[in-house]
Every structure is written in C-alpha cells, then in structure tokens.
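Contents: one structure, followed by commentary.
The values are calculated or read from the model by the stated rules, or taken from the named source; none is laboratory data. These numbers come from a predicted model, not from an experiment. Counting neighbours? That spans all protein chains shown, and the Cβs are built from the backbone with ideal geometry, glycine included. The area values use the complete protein model at the heavy-atom level, side chains included, leaving out ligands, DNA and RNA. Shrake-Rupley method; radii C 1.70, N 1.55, O 1.52, S 1.80 Å.
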Amino acid sequence: MRRKIIAANWKMNMTLNESESYLECFLLEIADEKAVDIVLVPPFTALARVSELLNDVQNVKLGAQNMHFEKGGAFTGEISAAMIRELFAKYVVLGHSERRTLFGETDEIVNKKTKAAIDASLRPIVCIGETLAERDAGRVEEVLETQLKGSLAGVPAKEFSEIVIAYEPVWAIGTGRTASPAQAQDAHAFIRKNLAALSDSATAEKVRIQYGGSVKPGNTVELMKQPDIDGALVGGASLDPRAFAEIVKLAGKS
Ligand code: PGA
C-alpha cells in the first residue's frame, strides 16, 4: 500500500506574518493526523520561518517550490539544493506547469534539477501534465510519456521510490475545472505503466503519483479513491488552512 502524500503549494503567496498565522491554525487542525504524509511548500522567503515552526512537529514535512541544478556560483536569483536541505526541507517541486510555461523550463532542465535534487537527498515532486489544446488533439498520452521520460532520463530505477510524480493537467490548474476522477485515474495508470517501462513493475508500484488541479474538500474523496491516485498537490485551496486541513483529513479516510 502506498501512503498518500498531500502537499500545499503556496506559490507566490504568504508573507512571514501570514505563514505564522496559517501554521497556528493548521497545526491545531491536523495535530492528530497520522494517516497521510503532509507537506507544506512555502515560498523561499518563508521556508526558514516555517521550518522553525515545524521543528517539533512530526507529521508535517517541508518542501521548496523550485531550485537550480547547479551546486552554486554566479546564478543570480537562484537557490541550490543544499540551501534548501539546510532548512530541513525534504521535498522540492520541480517542473510545475507555471515554471514550464511562464519561465521556459524544458524537460531537459527538469531532468537536471531532478538529478541534482536526488544527489542532495531531496525528494523531487516532478510535475507533468497536458494543456487543453493537447487534450483536445488526443495527445495526452504522448505528452505525458515525453515529459516523464525526459524528466527522469538517466535517473537510476533504485531512486524511483524517492520520487513523487504530480499529474497536473494544465487546464485544471487554478481554473476550478477538475479532471474527472476517471480522467485522472486513466492518466495516473498510464503514468504508472510508463514508470514500469522505465524501471520494472515492482518499482513502479512503489512510486506515489499525486493529482493536482483545483483539488478542494468537495472533490478530494472521489479523486483519492482512485487506485492509482496517491495524493494531491493543492494550490488555491491550500491557502486556507482550514480547507487544506479538511483535504488532509478526507484523504486520510479515503
Ligand atoms: P490549484 O493549483 O489547486 O490552484 O489548481 C494546483 C497546482 O498548481 O499545484
């Protein structure tokens, strides 16, 4: 059985004060939740503060939203894997569709970041997903296969269980339009089949595949009940600590 992993991607939101009030509320709400892995993914500026606030908290882990693949040097505005590790973060989101479409990240870049994250003992959450035009053109499988293979090229199969894949159909992100549970399950099963082709079926069975795209308390249970959906990467609804706590609790029961 794969343990579900529910992550809050705060994107470019939350000042230090807002992060503190969020945690005050959220940690009380989920104090007894042990059934799922919970990950908070604040902006870089709040990572250190949130890390301190999670110091004595066992059931919530920390993640970063991005990183550079180089270890250090003249890369103004960038953050390395070691800098993230130093703040006790365990996860890093890579290749989010906003990074791919707004900041020109290619599969090749995502691949370099994935390898650098693994080298630094960070667990990558590698995001893949098709646009609406690609779905309408019947290209979902082709796009997912290309992004998955490209992002994981050269990653040894023994590292796969450290990686989380996030299936995020671009048309469902921040739009209020969720993939139906059946559409999501189809994509997740296809991703798992491809993971098996890149490694073997026992390895692919261990990889957790999150769904992302307008996840909210009202659609969590149906999505989490699908056999190949192992969690959620939540954007908008994760900005409200009560709504995110509700998603965590519902996922824990699904
Ligand atoms: P959303 O974002 O929940 O606001 O759709 C998900 C994501 O981008 O990770």
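What to note about this one:
- Leading residue by the ranking (nearest to the ligand (Cβ to nearest atom)) among those in the stretch 238-254 that are open to solvent by less than 30 Å² (accessible area, probe 1.4 Å) and closer than 19 Å to residue 42 by Cα: 238
- When restricted to residues that are buried (at least 18 other Cβ atoms within 10 Å of the Cβ) and either within 15 Å of residue 166 (Cβ to Cβ) or in contact with a Gly (Cβ under 7 Å, 6 or more places away or on another chain) (or both), the stretch 12-37 contains 2.
- Of note, residue 1 does not satisfy the criterion of being touching a Pro at 6+ places or on another chain (Cβ under 8 Å) and exposed (fewer than 14 other Cβ atoms within 10 Å of the Cβ).
- Boolean, residue 172 is of a type in the set (Gly, Ala, Ser), open to solvent by less than 30 Å² (accessible area, probe 1.4 Å), in contact (Cβ under 8 Å) with a residue 24 or more places away in the chain and closer than 15 Å to residue 228 by Cβ: no
- With respect to the conditions (1) more than 16 Å from the ligand (Cβ to nearest atom); (2) open to solvent by less than 60 Å² (accessible area, probe 1.4 Å); (3) at positive phi, residue 95 falls short on a single one, namely (1).
- For residue 110, the conditions (1) open to solvent by less than 60 Å² (accessible area, probe 1.4 Å); (2) over 17 Å from the mean Cα position of the chain (by Cα) all hold with the exception of (2).
- Filter result for residue 42 (closer than 24 Å to residue 187 by Cα, of a type outside the set (Phe, Trp, Tyr) and under 17 Å from the mean Cα position of the chain (by Cα)): no
- Residue 104 being within 16 Å of the ligand (Cβ to nearest atom), small (Gly, Ala, Ser) and farther than 18 Å from residue 72 by Cβ: no
- Close contacts from the stretch 140-165, counting a first residue that is without any contact (Cβ under 8 Å) to a residue 24 or more places away in the chain and within 11 Å of residue 115 (Cβ to Cβ) and a second that is open to solvent by 20 Å² or more (accessible area, probe 1.4 Å) and not polar (S, T, N, Q), with Cβ to Cβ under 9 Å and a gap of 6+ residues or different chains, come to 156/118.
- Residue in the stretch 68-76 that is away from the ligand (no atom under 16 Å from the Cβ) and not in a loop (DSSP other than H, G, I, E, B) present: no
- Contacts under 6 angstrom Cβ, first residue in the stretch 211-240 being free of Cβ contacts under 8 Å to residues at least 40 places away in the same chain, partner of a type in the set (Lys, Arg), 6 or more apart: 237/216
Conditions (1) in contact (Cβ under 8 Å) with a residue 60 or more places away in the chain; (2) among the aliphatic types (A, V, I, L, M); (3) touching a strand residue (DSSP E or B) at 6+ places or on another chain (Cβ under 7 Å), marked per residue:
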residue: 16; (1), (2), (3): no, yes, no
residue: 33; (1), (2), (3): yes, no, no
residue: 38; (1), (2), (3): yes, yes, yes
residue: 43; (1), (2), (3): no, no, no
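- Within the stretch 214-237, the set of residues being of a type outside the set (S, T, N, Q), more than 9 Å from the ligand (Cβ to nearest atom), out of contact with any Pro (no Cβ under 6 Å at 6 or more places or on another chain) and open to solvent by 10 Å² or more (accessible area, probe 1.4 Å) comprises 217, 218, 221, 225, 227, 228.
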